[in-house]
Structures are given as structure tokens and as C-alpha cells.
């Protein structure tokens, strides 16, 4: 592995003059006809040239903006010099899944948003796509541990937080079992993120790699219904990690939301994007959309639903949002891709009633126009109805992408667990410890709907604390240990 550059020897003026090359992306009309990844293959020369644009800032703002503090500067320096495998190993030193994070993280709000080019109003270094590039091309070394410790840990949830915990505990030589309610691993990575944003084979590769390293997986098992946390402790697991996410859809206050042809976002995405044999029985029927699709909501999930509907053959796909684009919570990059592929947007419009058509399915949507009032608790201007502005549009399918909440029922079944008024689990931020002895948590179950990379960071911290907890117990340290 080549050494880091001498910061004083970097010709930053020359680098700042280098041209930016957009990551290759497939033609919008072509990619909207299939579920393959939208981005194409970058060749090594182009990737190296883009990496060379990094001016190796001494302050490293991109690293500070990354939740897992990837050593981005060094990784790009290695890539610039053609050291692809070494660059990948640098990313993997702090991130359990760089091939995933490089694709799905909102880099414009994190590392790329902090890039000096972005501060100048110029295209930042394409950090995310370069991270994915090197991770894709560098074989992941086998998951090995120096010895078996005899300690046992259970992980509830095979999403990004849970998979990260499993990896780091297995590396320590602990026996790890992962339980998940879905038929296959990945959590939101498979049963939320569409395959055109990230090939689901990457998720399966991660699960297979962990299984090859001794991690066991138990699917189709809902902890909180089929098993309880108490059951897991009774089975001899010394620690349990709760990575159950926050996947309960917000209940819409829209009359007619129970009509056929009206879908919640997650079942819609699962039925369209996940292989039939890996879907729950109740989601195995194919989903049809007709000609006109309305997606209600403004976050990243809404963009995923828009783009999915286009790939299912809909001719008119419209996002209905009650504020303006400026207030939208989702990633601007995903909105741009949706527009390129043919989606349209209706701002300042609130659906209030879904109307049955001649065959009993949804056939029309009644809406009302809005204006923006004063800021609400979220800091965004509050939408206010405009009296007498109602109108009706014809629809064949409606997808409700109104956000997600914590699973109140599941956490209520865990004894001695402190949660807040939103049923999010209360933890010690540095260790992931909950109010119950031996129980840890992280990811969206703690934060609410957040980022994959944040879940990874939570998983790393929790795994380290769980390791210390188990080894301390093995050494006879009394309860009430300190991390």
C-alpha cells in the first residue's frame, strides 16, 4: 500500500483545474424499461481521473461529514494511483458495506456536500460512486476470527445495523445468530430499496459472506410474536441487539385509502422489486398499475415508488406533495432521476379523498390546493388549505408514501425497555446499551427513519460494547459494568 501524500507537495491549483466527469448513467428511456441499476460501469481510467480531482484538503471536511468517518482522502489517493483493492480496504476499515453506502447514501448532504468544490458551486468529487467502484472490484476477504470465545449473541433484524453487528461480533470469535421476520436477509436494503438503485445481489453477497464466516440466520421469524427477547435470553444468548428498524407506515387520513388499487409504499416496492420466492406469501401477487399512477408523499421512498411505477408500464406518473420542492425531505439526486425517467410533480396539492371507479377500484382522487403558512416544528412552512380550491383527477393506482413510524407493538412486548413518546428505543449513544441488562439497539429503531450509513455506525458501536459486555461477564465482572 503506497504512503499517504505529503500535503505540502500537493499541487492543488492544478487539481482544481481538472475537469469533472459525471458518473456513467444509462439513458433515461432505456433504464425506465427495466429494474437493473440506473448507473453504468465506470472504467478504471475515468475513475482514477475523477479521484485525482480530490485536492487532499488538510481539514478533510468530507471525512468529518461522513457518519462513519471513512478515510476518503487516502482511499481516493490510492485509487488515483490505481491501487483499487487497497482503496477498498480503506473504506472497509470503517464501513461494513461500502458497495451499498456508495450507492444509496445521500452524498450530496454528507461527504460530497462538504467537498470544497460544492462550496464553490462546482460539481464535487463523485465520492459515492468511487466508493462503490472500488468496493465492487475488490474481493471481500473471508470473514475469519482468530479463535472461538464461546460467547453467544443474538441479533434481531437483518438490516444494515444488524448485519454490521453480526460482522463485528463474528470477527471477535463470538457465536452470532440473526433473526429476521422477512424471508431473506437485508431488511430495508432488500425490502425497501429498489433494485434499480442497488442490485439486490449485493445484499445476498453480504448475507452469504457472513454465513460463510459462521453467522447463522433464522428467517420468517418475528421476534415479538414468534419469539420474544426473553426467549432469546432463556436460550442462552448473553446479549441481544435490536435492529428492528422503523417500518410501520403512517396511517393516512384520506377517505377511500382502503380501496383496491391503493397501496402502501413498502408492499408496492416489495411486490415490484423483490423476487417472488423471497417475498412473504401475502405479497407474492404481481402488482399492476394501469396507465395513471399517483404517488402521495415527498421523501426518498416516494421517488422510489414513482420510478417503480414507470418501470411497471404506467404512462402518467405524478408525485403529489402538499408543500413545494424546496420543503421536500428527499434527496435532490433521486428527484432528478425520477424527472429524467418521466415522472411529473404537483406541488401544493393535498389529496383528501379517493373515489371508487366503475369496477370497484380507485378511479379518481379529490384534492385541494394549499399555500404555505408559518414554519412548523420541522422548520418547514406549514401547508394551509385554500378554501374552495378542490379539484378531481383520474387515477388507476395510488401509492401512499407518507413516511414511517416505530413499531409500537414490538417494543411494547420487550420487558424493562425504555422508549420515548414515539416508541423509539432509548440508548446510551456511545454504546447502544438500552435500559435492560444485556440488551442493545441501534439504527432506525432508535433514530426513526434515517440513513443506512448511520445504521452501520450504530452497529459498529454496539458490537464493540456487546463484545466488552460478554467478555466482562466471562471474566466475572459484576453487573453494572461500565463501557
Restricting region 270-303 to residues that are closer than 15 Å to residue 192 by Cβ and in contact with a strand residue (DSSP E or B) (Cβ under 9 Å, 6 or more places away or on another chain), the residue that is surrounded by the fewest Cβ atoms within 10 Å (Cβ to Cβ) = 271
Among the numbered criteria (1) surrounded by 19 or more Cβ atoms within 10 Å (Cβ to Cβ); (2) modelled with pLDDT of 95 or more, which single criterion is violated by residue 45?
-> (1)
Criterion: closer than 20 Å to residue 191 by Cβ and more than 21 Å from the chain's Cα centre (by Cα) - qualifying residue of 259, 312 = 312
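Residues are listed down the side, and each one gets a yes or a no for (1) closer than 17 Å to residue 254 by Cβ; (2) out of contact with any strand residue (DSSP E or B) (no Cβ under 6 Å at 6 or more places or on another chain):
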| residue | (1), (2) |
| --- | --- |
| 358 | no, yes |
| 366 | yes, no |
| 382 | no, no |
| 394 | yes, no |
| 399 | yes, no |
| 406 | no, yes |
Looking only at region 282-314, which residues are closer than 21 Å to residue 201 by Cα and in a helix (DSSP H, G or I)?
-> 283, 301, 304, 305, 307, 308, 311
(1) surrounded by 15 or more Cβ atoms within 10 Å (Cβ to Cβ); (2) part of a helix (DSSP H, G or I) all hold for residue 29 apart from (1)
Complete set of residues in region 435-460 that are more than 12 Å from the chain's Cα centre (by Cα) and buried (at least 24 other Cβ atoms within 10 Å of the Cβ) = 439, 440, 441, 442, 445, 446, 458, 459
Just checking, which of 379, 459, 432 is more than 30 Å from residue 149 (Cα to Cα) and either without any contact (Cβ under 8 Å) to a residue 12 or more places away in the chain or assigned by TED's automatic domain parsing to the domain that holds residue 223 (or both)?
-> 379
Flag if residue 30 is without any contact (Cβ under 8 Å) to a residue 24 or more places away in the chain and either touching a helix residue (DSSP H, G or I) at 6+ places or on another chain (Cβ under 6 Å) or under 23 Å from residue 199 (Cβ atoms) (or both) | yes
Residue 210 in contact with a strand residue (DSSP E or B) (Cβ under 9 Å, 6 or more places away or on another chain), assigned by TED's automatic domain parsing to the domain that holds residue 456, in a helix (DSSP H, G or I) and crowded, with 21+ Cβ neighbours inside 10 Å | yes
Residue 177: surrounded by fewer than 19 Cβ atoms within 10 Å (Cβ to Cβ), on the phi < 0 side of the Ramachandran plot and not assigned by TED's automatic domain parsing to the domain that holds residue 435, yes or no?
-> no
Residues satisfying the stated conditions in region 35-52, i.e. out of contact with any helix residue (DSSP H, G or I) (no Cβ under 6 Å at 6 or more places or on another chain) and either under 19 Å from residue 18 (Cα atoms) or not in a loop (DSSP other than H, G, I, E, B) (or both) = 39, 43, 44, 45, 46, 49, 50
Single unsatisfied condition, residue 93 versus (1) in contact (Cβ under 8 Å) with a residue 40 or more places away in the chain; (2) closer than 26 Å to residue 163 by Cβ | (1)
Wholly enclosed helices (runs of 4 or more DSSP H) of region 63-149 bearing at least 2 residues in the same structural domain as residue 46 (by TED's automatic domain parsing) and farther than 16 Å from residue 457 by Cα = 72-80, 84-92, 111-114, 116-119, 127-137
Hits in region 229-247 (condition: in contact with a helix residue (DSSP H, G or I) (Cβ under 8 Å, 6 or more places away or on another chain) and modelled with pLDDT of 95 or more) | 238, 239, 240, 241, 242, 243, 244, 245, 246
Go through region 179-207 and give me each residue that's over 23 Å from residue 169 (Cβ atoms) and in a loop (DSSP other than H, G, I, E, B).
-> 183, 192, 193, 194, 195, 196, 197, 198, 199
Does at least one position in region 397-412 carry a residue that is closer than 22 Å to residue 300 by Cα and more than 25 Å from the chain's Cα centre (by Cα)?
-> yes
Residue 290 passes all but one of the listed conditions (1) under 16 Å from residue 188 (Cβ atoms); (2) assigned by TED's automatic domain parsing to the domain that holds residue 348; the exception is number (1)
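The values are calculated or read from the model by the stated rules, or taken from the named source; none is laboratory data. Keep in mind that what you see is a predicted model, and the values were worked out from it rather than measured. For neighbour counting, all protein chains shown are included, and Cβ atoms are generated from backbone atoms with ideal geometry for every residue, glycine included.
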